[in-house]
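The values are calculated or read from the model by the stated rules, or taken from the named source; none is laboratory data. Small disclaimer: the values here were computed from a predicted structure and weren't measured. Every residue, glycine among them, receives a Cβ derived from its backbone with ideal geometry; neighbour counts consider all protein chains shown. Note: areas computed on protein heavy atoms with side chains; ligands, DNA, RNA excluded. Shrake-Rupley method; radii C 1.70, N 1.55, O 1.52, S 1.80 Å.
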Amino acid sequence: MKKIMIAPFVLLVKFYQYAISPYTPATCRYSPTCSQYTLEALQKHGLFKGGWLAVKRIFSCNPWGGSGYDPVP
């Protein structure tokens, strides 16, 4: 059930990774990148908690936010 719920979001992230990201400058301040973090968070925690972790991470990826190694909890 969890895989079915996250499938559309995983497809959106993978589309971004393969169709959009290669044509934009690398600006993510974290490792793993925000898109990879989102995939891992969704697969590990499901749609709601994983989605919340992804949103928090994306909003913190700015010049005044953190940086460095930040794995999915």
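Before moving on, here are some points about what is shown:
- In region 1-22, of all residues being within 13 Å of LEU47 (Cα to Cα) and not hydrophobic (A, V, I, L, M, F, W, C), the one that is modelled with the lowest pLDDT corresponds to LYS2.
- Within region 54-73, considering residues that are among the hydrophobic types (A, V, I, L, M, F, W, C) and surrounded by 15 or more Cβ atoms within 10 Å (Cβ to Cβ), the one modelled with the lowest pLDDT: CYS61
- Residue that is nearest to PRO73 (Cα to Cα) [pool: residues in region 17-48 that are open to solvent by 90 Å² or more (accessible area, probe 1.4 Å) and of a type in the set (Phe, Trp, Tyr)]: PHE48
- Scan of region 23-41 for residues that are among the aliphatic types (A, V, I, L, M) and at pLDDT 95 or above, ordered by number: LEU39, ALA41
- Checklist (1) open to solvent by less than 70 Å² (accessible area, probe 1.4 Å); (2) not in a helix (DSSP H, G or I); (3) not hydroxyl-bearing (Ser, Thr, Tyr) applied to GLY51, failing item: (2)
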